[in-house]
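Chemist: Take a look at the following structure, please.
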Amino acid sequence: NAGVTQTPKFQVLKTGQSMTLQCAQDMNHEYMSWYRQDPGMGLRLIHYSVGAGITDQGEVPNGYNVSRSTTEDFPLRLLSAAPSQTSVYFCASNGGARNEQFFGPGTRLTVL
Amino acid sequence: GQQVMQIPQYQHVQEGEDFTTYCNSSTTLSNIQWYKQRPGGHPVFLIQLVKSGEVKKQKRLTFQFGEAKKNSSLHITATQTTDVGTYFCAATNTGNQFYFGTGTSLTVIP
């Protein structure tokens, strides 16, 4: 049981480049989400999904797209990277009796 | 979105001292969760509180949910160096959207 996996662990982009952050979970959780973490600001919700084919915006969705074609995968796409998107990105899934969120190890992204 | 305020932002304590972090919301919460994040790591679930006035304990950690379900606290008794990290509350009012507090970074001085 791998839990929640994220790739890559580190990424450096130039302004204007696009990329996809990968997230996968093997716990058969319906609910998945993407957060960004910046110093002093906690974790802010970018997008979330309540099941395959269903996504919605969180607090800070601008500049990001998501899709959920399968229960397992929830990729996050940066359409045209900006320095303001420099951050640590966490993917999470939750389920079970405690409604516990399981976080991936994170992707540290730098946009130059 | 849901606003969850968390204080203090930083706390330095001598090993053996107690530590408390607080979360406050202007609206009634459905439930509140607490997470711990070690330096360089990812958040790890500690507990979920659902009922008004609920108190739960995990060894040296005590979690409380306010009577009005608008605030919560995490108290650590006799801190140890293993308690170092950032503690976050995460609240929901409807559905599965979690809104995180800004976190309290705990440093324990040996």
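Only the coordinates and a few stated rules stand behind these numbers; no lab work does. What you see is a predicted model; the values in this text were computed from it and never measured. Using ideal geometry, Cβ is built from the backbone for each residue, glycine included, and neighbour counts are taken over all protein chains shown.
Chemist: Report, ordered by chain and residue number, the lysines lying within cross-link reach of B:Lys36, taken as a straight Cα distance under 18 Å and ignoring same-chain residues fewer than 8 apart.
Modeler: B:Lys56, B:Lys57, B:Lys59
Chemist: Explain nothing, just the number: dipole magnitude of the stretch A:18-112 about its Cα centre with +1 on each Lys and Arg Cβ and -1 on each Asp and Glu Cβ, in debye rounded to the nearest 20.
Modeler: 240 debye
Chemist: Here's another thing I want to ask about it. Starting from the Cα-Cα distance between A:Thr20 and A:Thr5, subtract it from 0.36 nm times their residue separation and give me the gain in nm to one decimal.
Modeler: So the extension gain works out to 4.0 nm.
Chemist: What size of dipole, in debye to the nearest 20, comes out for chain B about its Cα centre when the only charges are +1 on Lys and Arg C-beta atoms and -1 on Asp and Glu C-beta atoms?
Modeler: 300 debye
Chemist: So what's Rg/Rh here for the stretch A:16-112, counting alpha carbon atoms and using the Kirkwood radius for Rh?
Modeler: Ratio of gyration radius to Kirkwood radius: 0.95.
Chemist: Between B:Glu17 and B:Val44, what FRET efficiency follows from the Cβ-Cβ distance if R0 is 22 Å, with the result rounded to 0.05?
Modeler: According to the calculation, E is roughly 0.45.
Chemist: For the stretch B:31-90, what are Rg and Dmax over the alpha carbons, in angstrom?
Modeler: 11.7, 35
Chemist: If the reach is capped at under 18 angstrom between alpha carbons, list the aspartates and glutamates near B:Lys70, excluding any in the same chain fewer than eight residues apart.
Modeler: Answer for B:Lys70, where 18 Å is the Cα cut-off: B:Glu54, listed by chain and number.
Chemist: Mind grabbing the base-10 log of I(q)/I(0) for the protein assembly as shown at q = 0.10, 0.16 Å⁻¹? Debye formula, identical points on the C-alpha positions, no solvent, two decimal places.
Modeler: Reported log10 I(q)/I(0), two decimals: -0.45, -1.10.
Chemist: Right, another one. Once you list every other residue whose beta carbon is under 10 Å from the beta carbon of B:Gln97, what net charge do they have if Lys and Arg are +1 and Asp and Glu are -1?
Modeler: -2
Chemist: Let me ask you something else. Given the options B:Asn31, B:His42, B:Thr20, identify the residue whose Cα lies farthest towards the positive end of the charge dipole of the stretch B:15-110 (+1 on Cβ of Lys, Arg; -1 on Cβ of Asp, Glu).
Modeler: Selected residue: B:Asn31.
Chemist: Next question. Return the tail of the calculated pair distribution for the stretch B:1-46, meaning the percent of Cα-Cα pairs more than 13 Å apart.
Modeler: Distances greater than 13 Å cover 70 percent of the Cα pairs.
Chemist: Could you work out the per residue convex hull volume over the alpha carbons of chain B, in cubic angstrom?
Modeler: 89 Å³
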